[in-house]
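Okay, structure first, notes after.
The values are calculated or read from the model by the stated rules, or taken from the named source; none is laboratory data. No experiment lies behind these values; they were computed from the predicted model shown. With ideal geometry, Cβ positions are generated from the backbone for all residues, glycine too; neighbour counts draw on all protein chains shown. All accessible areas refer to the heavy atoms of the entire protein, side chains included, with ligands and DNA or RNA removed. Shrake-Rupley method; radii C 1.70, N 1.55, O 1.52, S 1.80 Å.
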Amino acid sequence: MSELERKQDGAPVPADWTYASAPESRDIVQIAERYGHFVGGEWLEPTETYETIAPRDEEPLAAVGQGTEADVGKAAAAARAAYADGWSSLPGSERAKYLFRIARLLQERAREFAVLESLNGGKPIKESRDVDVPLAAAHFFYYAGWADKLEYAFPNRRPRPVGVAGQIIPWNFPLLMLAWKVAPALACGNTVVLKPAETTPLSALLFADVLRQAELPPGVVNIVTGDGRTGAAIVESEDVDKIAFTGSTEVGKEIQRRLAGTGKRLTLELGGKAANIVFDDAALDQAVEGIVNGIYFNQGHVCCAGSRLFVQESIYEPLVAKLERRLSTLRVGDPLDKNTDVGAINSAAQLEKIRELVASGVEEGAQIYQPPCVLPEKGYWFVPTVFTNVAQSYRIAQEEIFGPVLSVLTFRTPEEALEKANNTPYGLSAGVWTEKGSRILWMAQRLRAGVVWANTYNRFDPSSPFGGYKESGFGREGGLHGLGPYLEFDE
Amino acid sequence: MSRLPVKKTYKLFIGGAFPRSESGRTYDAEGQNVARASRKDVRDAVRVARDAHSGWAAATAYNRGQVLYRVAEMVEARAAEFAELSSGRDEVERSIDRIVWYAGWADKLPQVLGGSNPVAGPYFNFTVPEPTGVVAVLAPDEPPLLGLVTRLLPPLVGGNAVVAVASETRPLAAIELAEALATSDVPGGVVNLLTGQHAELAPVLAAHMDVNAIDLCGADGDGPELERIAADNVKRVVHGRADVQSPWEIASFLELKTVWHPMGQ
């Protein structure tokens with residue numbers, strides 16, 4: 001025994017090894033008591049409001065507008081007017097400078113946005129601070145650079161804007177999804193009517209203040225808050241030329257149906273049930289980190305979450321043991337605590353859905369593992385969960401749970417892994433873990449998914465196209481390919 | 001004594017073979033008895049297209065290009081017949097040249113439509129186009145040969161398998177084209193051509209859960225309804241034009257896949 005070890009041996013062991021809390025101050029962000037809709041550069045008084053809350057403790061944060069058909073009509077008319085009134089004919093280099101300003105302002109006010117995002121959405125501050133907000137700024141910066149270079153992206157095609165884009169975004173990455181939608185739309189010369197998700201409107205409303213600071217012409221971006229009825233009004237609006245939707249496959253199909261025969265353009269980024277496939281030669285500890293990141297990142301509220309884990313049989317037991325041990329070190333709790341790994345579930349409705357699907361997993365015969373975990377009394381919480389002994393036919397292996405719930409299945413050969421991985425109506429993403437390069441490329445070529453992460457998971461970048469195969473939607477966001485949906489061409 | 005010519009029976013083209021409709025029905029078009037495909041014929045065609053798709057998608061781009069070039073050779077060899085079944089020699093020549101033009105795209109698409117992406121961090125990341133899968137094509141009535149060639153080649157060169165419904169009123173050029181395909185090197189099932197009534201066949205294709213994309217070029221008033229039912233499995237809906245030639249036509253039937261890998265020692 002070394003001297004150091006002797007010292008440690010004799011040292012008193014703290015009874016409680018939990019982290020001291022390290023809360024981020026919420027005072028950095030001012031939340032108004034009441035918000036209207038941001039239309040034509042001004043706040044439009046809503047006819048009806050609802051309360052938006054903090055999912056960590058159900059604290060009411062603000063009253064926000066429930067957008068009506070009339071509100072959407074005004075927003076679309078403002079967008080149409082701004083489009084005709086100069087935005088669409090503004091030189092790309094000038095549009096670019098507005099976008100650069102927005103990117104810079106998002107960087108300037110990053111902490112404010114991060115706190116608000118975690119407060120209103122429930123995601124850990126670590127993630128909103130290090131992922132959501134910096135990536136949102138990066139998207140504006142990236143697309144700013146395209147605004148005056150569109151002829152080089154699409155040579156001989158004379159690109160021109162589509163018109164007014166109606167954009168409906170989800171609650172899992174509120175600001176980031178706003179950036180994915182708004183940045184390319186503006187870069188291409190379109191104007192926007194944006195609806196943030198019902199449960200997470202606040203970062204979009206704060207973004208309106210960034211637009212004011214950037215001196216973006218009124219009506220170029222309009223923000224109408226509300227639930228699905230507001231979204232439906234955007235889809236139906238005659239002033240809207242293009243719909244971009246991110247959300248559930250069910251709603252995506254309904255939008256596609258409603259747009260049939262209208263000639264409106266459409267892109268859909270929908271659900272997923274991604275396979276994360278671990279071969280027996282993978283670096284196991286790295287794979288475990290990737291699996292955890294794949295499914296517990298953002299409480300599993302991720303359309304590309306690696307929710308189906310396929311493990312090669314020969315490493316099944318050691319891998320599951322490592323995974324369960326790693327799970328017991330995840331810190332579940334206050335989203336504003338800088339130590340938190342897994343935050344609050346976004347809403348009561350989502351929590352109910354997760355509970356229902358997890359109950360079905362137990363009922364159908366899967367083995368459930370949940371680490372010991374003390375959850376706060378108030379708010380919406382769900383313990384990170386692993387299901388083993390899962391059959392392909394179980395609902396937890398088929399349906400998108402959109403929560404911190406992993407289903408573990410096994411395979412013997414690469415062919416079997418592929419067959420099982422592709423056996424889903426979805427096709428958004430997939431993961432492959434192996435040290436064998438040729439196998440990575442073999443798998444990557446055959447996986448029917450828009451994004452394949454090999455020996456990593458949940459990586460995003462503005463220059464990298466993202467989007468699904470099959471019922472995970474169509475169209476791409478990010479990269480040069482993310483411009484196409486916002487342009488018309490002469491040909 | 002003049003010789004009695006051998007008359008052709010106009011049949012369907014499914015899985016590389018020429019079956020009659022399983023329903024036993026025919027209809028009259030251009031003065032001939034033409035097979036009138038049933039809903040079951042559509043489902044059979046989609047099934048063989050799905051089976052054929054993986055091999056065609058996995059073929060090397062160079063190989064796909066050569067196979068399609070061979071189709072042009074076969075059409076050229078039957079130019080006189082095609083001229084009689086279309087608007088004439090000019091339409092046939094344009095069709096042949098269009099096939100050759102698309103054949104040459106097979107091994108160039110990934111460089112035009114994809115590439116590597118300059119992502120932050122120690123990752124290598126690239127995007128490649130891939131076929132969407134099984135594509136349904138409703139061929140336009142006019143021009144009878146060039147219209148079908150225009151809609152058929154883009155999904156085909158991208159590696160998709162196709163189930164096409166020929167023009168209801170002008171199907172003979174399509175059947176002739178099926179014969180040219182059968183004598184070229186296109187694997188059986190990669191192209192399937194059905195004749196019959198659009199109103200009966202198109203909704204089956206639009207609703208089919210194993211069809212990934214549908215080209216409504218030849219849809220008439222039922223376009224919006226077909227588009228609506230195509231949403232059941234989030235089909236890619238294409239409103240193709242009867243006479244257009246562009247690599248972006250191919251892109252309509254492609255998916256983009258992005259692959260990430262860390263870089264390290």
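Can you find a residue in the stretch B:164-174 that is at pLDDT 95 or above, among the basic types (Lys, Arg) and in a helix (DSSP H, G or I)? Steps first, please.
Applying the first criterion (at pLDDT 95 or above) to the stretch B:164-174 yields B:164-174.
Still in the running and among the basic types (Lys, Arg): B:170.
Then drop every residue that is not in a helix (DSSP H, G or I), which leaves none.
No: zero hits.
Please specify each residue of the stretch B:69-123 satisfying the condition of being outside any helix (DSSP H, G or I) and more than 14 Å from chain A (Cβ to nearest Cβ).
Hits for the stretch B:69-123 are B:78, B:86, B:87, B:88, B:104, B:105, B:106, B:107, B:108.
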query = What do you reckon, is residue A:412 more than 9 Å from chain B (Cβ to nearest Cβ) and in contact (Cβ under 8 Å) with a residue 12 or more places away in the chain?
reply = yes
Filter result (open to solvent by less than 10 Å² (accessible area, probe 1.4 Å) and either on the phi > 0 side of the Ramachandran plot or small (Gly, Ala, Ser) (or both)) within the stretch A:65-81 = A:65, A:67, A:75, A:76, A:79
request  = Could you check residue A:146 against (1) closer than 17 Å to residue A:191 by Cα; (2) more than 14 Å from chain B (Cβ to nearest Cβ); (3) open to solvent by 30 Å² or more (accessible area, probe 1.4 Å) and say which number it fails?
outcome  = (2)
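Every residue in the stretch A:322-340 that is crowded, with 19+ Cβ neighbours inside 10 Å and part of a loop (DSSP other than H, G, I, E, B), please.
The initial filter retains those residues of the stretch A:322-340 that are crowded, with 19+ Cβ neighbours inside 10 Å, namely A:323, A:327, A:332-337, A:340.
Hits for the stretch A:322-340 are A:333, A:334, A:335, A:336, A:340.
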inquiry  = If I go through the stretch A:103-115 residue by residue, how many of them are open to solvent by 10 Å² or more (accessible area, probe 1.4 Å) and either in contact with a Lys or Arg (Cβ under 7 Å, 6 or more places away or on another chain) or part of a helix (DSSP H, G or I) (or both)?
reply    = 7
remark   = Those residues of the stretch B:21-42 which are in contact with a Ser or Thr (Cβ under 8 Å, 6 or more places away or on another chain) and in a loop (DSSP other than H, G, I, E, B) amount to B:21, B:22, B:23, B:25, B:30, B:36, B:37, B:38
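Can you tell me which residue among A:299, A:370, A:286 is over 24 Å from the mean Cα position of the chain (by Cα) and of a type in the set (S, T, N, Q)?
On the way: A:299 fails: over 24 Å from the mean Cα position of the chain (by Cα); A:286 fails: over 24 Å from the mean Cα position of the chain (by Cα).
Only one candidate qualifies: A:370.
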ask   = When only residues in the stretch B:220-264 that are of a type in the set (A, V, I, L, M, F, W, C) and more than 10 Å from every other protein chain (Cβ to nearest Cβ) count, which is nearest to residue B:127 (Cα to Cα)?
value = B:254
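Conditions (1) under 20 Å from residue A:460 (Cβ atoms); (2) not in a helix (DSSP H, G or I), marked per residue:
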| residue | (1), (2) |
| --- | --- |
| A:117 | yes, no |
| A:134 | yes, no |
| A:156 | no, yes |
| A:175 | yes, no |
| A:178 | yes, no |
| A:200 | yes, yes |
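What strands (runs of 3 or more DSSP E), lying completely within the stretch A:235-321, carry at least 2 residues that are more than 13 Å from chain B (Cβ to nearest Cβ)? Lay out the reasoning, then the answer.
Working: elements: A:242-246, A:265-269, A:275-278, A:308-312.
Answer list for the stretch A:235-321: A:242-246, A:275-278, A:308-312.
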ask   = Within the stretch B:100-124, which residues are within 32 Å of the chain's Cα centre (by Cα), in contact (Cβ under 8 Å) with a residue 12 or more places away in the chain, farther than 15 Å from residue B:65 by Cα and surrounded by fewer than 20 Cβ atoms within 10 Å (Cβ to Cβ)?
value = B:112, B:113, B:115
ask   = On the given criteria, is residue B:97 open to solvent by 20 Å² or more (accessible area, probe 1.4 Å), farther than 19 Å from residue B:53 by Cα and either in contact with a Leu (Cβ under 6 Å, 6 or more places away or on another chain) or not polar (S, T, N, Q) (or both)?
value = yes
query = Quick check, is residue B:196 over 30 Å from residue B:60 (Cβ atoms), in contact (Cβ under 8 Å) with a residue 60 or more places away in the chain, within 14 Å of another protein chain (Cβ to nearest Cβ) and not charged (D, E, K, R)?
reply = no
remark   = Checking A:317, A:352, A:363 in turn, the sole residue that is without any contact (Cβ under 8 Å) to a residue 60 or more places away in the chain, exposed (fewer than 14 other Cβ atoms within 10 Å of the Cβ) and closer than 23 Å to residue A:271 by Cα turns out to be A:352
message = Just to be sure I understand the filter: pairs with C-beta atoms under 8 Å, separated by 6 or more residues or on different chains, first member in the stretch A:367-385 and at negative phi, second member among the aromatic types (Phe, Trp, Tyr) and assigned to a strand (DSSP E or B). Which pairs pass?
response = A:367/A:387; A:368/A:387; A:369/A:387; A:385/A:369
ask   = If you take the residues of the stretch A:366-412 that are open to solvent by less than 50 Å² (accessible area, probe 1.4 Å) and among the small types (Gly, Ala, Ser), which of them is nearest to residue A:318 (Cα to Cα)?
value = A:407
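Residue-wise test of (1) under 24 Å from residue A:123 (Cα atoms); (2) in the same structural domain as residue A:389 (by TED's automatic domain parsing).
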| position | (1), (2) |
| --- | --- |
| A:227 | yes, no |
| A:247 | yes, no |
| A:265 | no, no |
| A:287 | yes, yes |
| A:304 | yes, yes |
| A:321 | no, yes |
| A:334 | yes, yes |
